[in-house]
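A.B. asks: Attaching a single structure in structure tokens format; questions to follow.
The values are calculated or read from the model by the stated rules, or taken from the named source; none is laboratory data. Predicted model, so just to flag it, every value in this text is computed and none were measured. Note that we place each Cβ from the backbone using ideal geometry, even for glycine, and neighbour counts take in every protein chain shown. Heads up: the accessible areas ignore ligands, DNA and RNA and are worked out on the full protein's heavy atoms, side chains in. Shrake-Rupley method; radii C 1.70, N 1.55, O 1.52, S 1.80 Å.
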Amino acid sequence: MGSYKGEEQHHHHHHRNESNCVLVHGPIIVGAGPSGLATSACLKQQSVPSLILEKSDCIASLWQHRTYDRLKLHLPKQFCELPLLGFPHNFPKYPTKHQFISYMETYASHFSIKPRFNQAVIKAEFDHVLGFWRVKTQDFEYISRWLIVATGENAEPVIPDIPGIDRFKGRVVHTSLYKSGSVFKNQRVLVIGCGNSGMEVCLDLCRFNVIPQMVVRNTVHVLPREMFGFSTFGIAMALVKWFPLKLVDKLLLLLAKFTLGNTDQIGLRRPKTGPIELKNVTGKTPVLDVGALSQIKSGKIKVMEGVKEITRNGAKFVDGQEKEIDSIILATGYKSNVPTWLKGCEFFTKDGMPKSPFPNGWKAEKGLYTVGFTGRGLLGTASDAVNIAKDIGEQWRTIKECNDSNFNYLPQRNVVQNKVKK
């Protein structure tokens, strides 16, 4: 058995036979985003090799291909660092999209992480006879004792089924394909969704003589990104260490009302549950305002109730209004894609999220792990990556000792070949 092209430098970790079957002497990680990279780095610290399979042609493809130009991290950089290597000191408090991508590339280079690109996982399934995971892409079948799901909560855009949208004659685009408001200059634009993406897209559109109509279908918590010069998120994280969560939520809302005013009066009704509790229970993130609220108050962004239907030239709203529009932007978020490729596994819900809540969702059974499904951003990713690496590291050392440092922990080689040949 020899190594395959692109993995020569790791030939002592992966082996291929004639039937395009790759035996991986370490975990298979699906996804080369921040979650996959962090886990690979932490495994390397434990002296455990790994193989990352990435369907795109680059690391952090969501950041590189599916984010708008003006995007900055919503949280201060200290809350967005991956394990073992922080941001450069000269980066601003809220790094830009391009700075974050640069950080990811430096991170991968620093830990010599070399994902196998253009490898879309079609199917992953546990082989009960071998006791190993079989992971199939369009080119190879990879086999490993461990499978780490790092495709994350934001793998695929959510495209809502809105009545009449198929007959709309204008442009319909999801925020995953939105780069800049320049292509919508002087247009009448309907933005459906009022999360962080919806708010920022509206703010961006205002720079190009657009008066966006922003559809607010549900209640939403809007908080200032900073309070009195300090990160709102940082304040909240500090307070929950000392005070009950409900009390912290009340304090945050009191401060938000003091700095932003009553958002109910401008069509942004707050949920009855506080922002941190809501985030913990449902995963719904509060909007951190970076300027959109003042544009709403001045009338440059119009807040609309839910859409009843889309017409050929515009939209009818639930409050009876009807408006002509030129383009529609769907700021409707993302979803997990795990159910489309991970088969025979009861650890995930039908929505592709771990059934076990944070902080216990990182470990399943039979060598299956998940990273980046915590609903807690990059902080949650870092926590998962460290836990997974420690757990697999202990198993790795046990296997190594049992094999008298021979490291050939796979079943007898001819048995594996006989099983995987078609």
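A.B. asks: Determine the dipole magnitude for segment 93-146: charges of +1 sit on the beta-carbon of Lys and Arg, -1 on that of Asp and Glu, nothing else is charged, the reference point is the Cα centre, and the result goes in debye to the nearest 20. Intermediate results must be reported in sequence, preceding the final value.
C.D. replies: Values: 8 positive and 5 negative charges, 42 e Å.
Rounded to the nearest 20 debye, it is 200 debye.
A.B. asks: Sticking with this structure for a sec: Can you give the FRET efficiency to the nearest 0.05 for V303 and D139, using r as the Cβ-Cβ distance and R₀ = 56 Å? Working shown, then result.
C.D. replies: On the way: r = 49 Å, r/R0 = 0.87.
E(calc), rounded to 0.05, equals 0.70.
A.B. asks: Return an integer: the convex hull volume of the alpha-carbon atoms of segment 289-393, in Å³ per residue. Write out the running numbers ahead of the final one.
C.D. replies: Numbers: hull volume 18.4 nm³, N = 105.
Given the Cα convex hull of segment 289-393, per-residue volume reads 175 Å³.
A.B. asks: So, one more: Based on the Cβ-Cβ distance from I159 to S180, what FRET efficiency comes out when R0 is 22 Å, to the nearest 0.05?
C.D. replies: Numbers: r = 21 Å, r/R0 = 0.97.
My answer for the efficiency is 0.55.
A.B. asks: What is the mean projected area of the alpha carbon convex hull for segment 158-333, to one decimal in square nanometres?
C.D. replies: Details: hull surface 41.4 nm².
If you wrap the Cα atoms of segment 158-333 in a convex hull and average its projections, you get 10.4 nm².
A.B. asks: If we sort 191-203, 86-98 on the protection proxy, mean other Cβ atoms within 10 Å, highest first, what's the order? Please report the intermediate quantities before stating the final value.
C.D. replies: Numbers: 191-203: 24.6, 86-98: 13.8.
Result, highest mean Cβ count within 10 Å first: 191-203, 86-98.
A.B. asks: What nm value, rounded to one decimal, do you get for the distance between V173 and E125 when each label is placed 7 Å out toward the C-beta?
C.D. replies: Placing both labels 7 Å beyond Cα along the Cβ direction yields 4.1 nm.
A.B. asks: Continuing with the same structure: If you count only protein heavy atoms with a 1.4 Å probe, what accessible area per residue comes out for the chain, rounded to a whole Å²?
C.D. replies: Numbers: 20000 Å² over 422 residues.
Per-residue value: 47 Å².
A.B. asks: Rounded to the nearest 10 degrees, what's the angle between the helix 34-45 long axis and the longest principal axis of the chain, both from Cα atoms, 0 to 90?
C.D. replies: Tilt relative to the chain: about 40 degrees.
A.B. asks: I would also like to ask the following. Magnitude of the Cβ-charge dipole of the chain, K/R +1 and D/E -1, about the Cα centre, nearest 20 debye? Display every interim value, and only then the final one.
C.D. replies: Working: 55 positive and 37 negative charges, 133 e Å.
My answer is approximately 640 debye.
A.B. asks: A further question follows. What residue among S50, Q321, A364 has its Cα farthest toward the positive end of the dipole of the chain, where the charges are +1 on Lys, Arg and -1 on Asp, Glu, each on the Cβ?
C.D. replies: Of the options given, the answer is Q321.
A.B. asks: While we're looking at this one, here's another question. Expressed in whole Å with the largest first, what are the equivalent ellipsoid semi-axes of segment 84-204 derived from the C-alpha gyration tensor as the square root of 5 times each eigenvalue?
C.D. replies: Calculated on Cα positions only, the semi-axes equal 36, 26, 12 Å.
A.B. asks: Could you point to the residue in I59, A150, S298 farthest towards the positive end of the chain's charge dipole, with +1 and -1 charges on the Cβ of Lys/Arg and Asp/Glu respectively?
C.D. replies: S298
A.B. asks: Sticking with this structure for a sec: Projected area of the chain, taken from the Cα convex hull and averaged over every viewing direction, in nm²?
C.D. replies: Over every viewing direction, the Cα hull of the chain projects on average to 22.7 nm².
A.B. asks: Among DSSP bridges having both ends in segment 158-333, what percentage is antiparallel? Round to the nearest 5.
C.D. replies: Numbers: 8 of 25 bridges.
Given both bridge residues lie in segment 158-333, the antiparallel proportion sits at roughly 30 percent.
A.B. asks: As I understand it, the dipole of segment 162-312 uses +1 on the Cβ of Lys and Arg and -1 on the Cβ of Asp and Glu, about the Cα centre. Which of V220, V172, L245 lies farthest toward its positive end?
C.D. replies: V172
A.B. asks: Take segment 31-94, compute every pairwise Cα distance, and split them into 10 Å bins from 0; I just need the percent in each bin.
C.D. replies: Taking every Cα pair in segment 31-94, the percentages come to 19, 42, 34, 6.
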